[in-house]
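A quick write-up on the structure given underneath.
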Amino acid sequence: GAGVSQSPRYKVAKRGQDVALRCDPISGHVSLFWYQQALGQGPEFLTYFQNEAQLDKSGLPSDRFFAERPEGSVSTLKIQRTQQEDSAVYLCASSDTRVMHGNTIYFGEGSWLTVV
Amino acid sequence: KQEVTQIPAALSVPEGENLVLNCSFTDSAIYNLQWFRQDPGKGLTSLLLIQSSQREQTSGRLNASLDKSSGRSTLYIAASQPGDSATYLCAGGLGAAGNKLTFGGGTRVLVKP
């Protein structure tokens, strides 16, 4: 596609519910990133994939968060047993080189999660 | 741990005035420094990317400088327009992947007609 596509755009979940957020990166982009952005703050790194390999998951806040990219294209971020503090915008981004030292990164418009 | 700070948090200027946005970071071992724009309810759009070996980058009315020794970057927007109203975020790229970004909190800019 022309850009990074994320779905759903908006999700309201009851506390304790599991959610799955999908990211379609730009076709051919090797690298894929997930960031979490709380209201009024800058995004925070969650995890990074190079093709299907999850090379860095140091930013995942707890073991309730899980991300996968099984075929090296589409990625899913799953949050189990959602808590109110999980409410945030989840941003996906992709970039087109294997080793990034500053190539342009493209962000999707985000999935807005509200946990009630 | 890298920390990125942006001051001021918000800025309001009349149309035509030049904008100066500041960003400071604690870890000088960055691969790059990037500036992004974010409109309400939208994702981030990359504006300028400065490699660690560079001092500045320019694109149209935008100019960004990088001083690694002092841990500072500045984004200049010349002759501001109402369409420049948005939140501007800077981010330092670290790690084996230079796009593992640590973001500042952003500067919310309003350009008044």
- Message: Report every pair of residues separated by at least 6 positions or lying on different chains whose Cβ atoms are under 6 Å apart, first residue within segment B:24-43 and at positive phi and facing chain A (nearest Cβ under 8 Å), second aromatic (F, W, Y) and crowded, with 18+ Cβ neighbours inside 10 Å.
- Response: none
- Query: Applying the selection to segment A:22-53, what residues are small (G, A, S), open to solvent by less than 50 Å² (accessible area, probe 1.4 Å) and part of a loop (DSSP other than H, G, I, E, B)?
  - Reply: A:A38, A:G42
- Identify the single condition in (1) farther than 22 Å from B:T5 by Cα; (2) crowded, with 22+ Cβ neighbours inside 10 Å; (3) free of Cβ contacts under 8 Å to residues at least 60 places away in the same chain; (4) not polar (S, T, N, Q) that A:G110 does not satisfy, given that it satisfies every other one. (3)
- Pairs, first touching a residue at least 24 places away in the same chain (Cβ under 8 Å) and aliphatic (A, V, I, L, M) in segment B:1-18, second open to solvent by 60 Å² or more (accessible area, probe 1.4 Å) and in a strand (DSSP E or B), C-beta under 7 Å, six or more apart: B:I7/B:N22; B:A9/B:R108; B:A10/B:R108
- Do the conditions hold for A:K57, that is, is it closer than 24 Å to A:I26 by Cα, touching a residue at least 40 places away in the same chain (Cβ under 8 Å) and charged (D, E, K, R)? no
- Item | Filter pass, B:L101 being over 12 Å from the mean Cα position of the chain (by Cα), within 29 Å of A:L60 (Cα to Cα) and part of a strand (DSSP E or B) | yes
- By my count, strands (runs of 3 or more DSSP E) wholly in segment B:5-83 with at least 3 residues that are surrounded by fewer than 19 Cβ atoms within 10 Å (Cβ to Cβ) are B:10-14, B:19-25, B:44-51, B:56-59, B:62-67, B:72-77
- Task: Only residues that are surrounded by 14 or more Cβ atoms within 10 Å (Cβ to Cβ), at negative phi, touching an Asp or Glu at 6+ places or on another chain (Cβ under 7 Å) and not basic (K, R): list them for segment A:54-74, please.
- Result: A:G59, A:V74
- Query: Going by the structure shown, is B:L49 more than 17 Å from A:Q41 (Cβ to Cβ) and either away from every other protein chain (no Cβ under 11 Å) or not small (G, A, S) (or both)?
  - Reply: yes
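Could you go through segment A:7-21 and let me know if any residue there is free of Cβ contacts under 8 Å to residues at least 60 places away in the same chain, more than 10 Å from chain B (Cβ to nearest Cβ) and assigned to a strand (DSSP E or B).
Taking every residue of segment A:7-21 in turn, at least one turns out to be free of Cβ contacts under 8 Å to residues at least 60 places away in the same chain, more than 10 Å from chain B (Cβ to nearest Cβ) and assigned to a strand (DSSP E or B).
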- Listed by first then second residue, the pairs whose first member lies in segment B:96-113 and is at positive phi and modelled with pLDDT under 95, whose partner is open to solvent by less than 60 Å² (accessible area, probe 1.4 Å) and among the small types (G, A, S), with beta carbons under 6 Å and at least 6 positions apart or on separate chains, are none
- Query: Is there a residue being more than 14 Å from chain B (Cβ to nearest Cβ) and part of a strand (DSSP E or B) anywhere in segment A:94-110?
  - Reply: no
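The values are calculated or read from the model by the stated rules, or taken from the named source; none is laboratory data. Model, not experiment: these values are computed from the prediction. Reconstructed Cβ throughout: ideal geometry from the backbone, glycine too, with neighbour counts over all protein chains shown. Note: accessible area is taken over every heavy atom of the protein model, side chains too, but ligands, DNA and RNA are not part of it. Shrake-Rupley method; radii C 1.70, N 1.55, O 1.52, S 1.80 Å.
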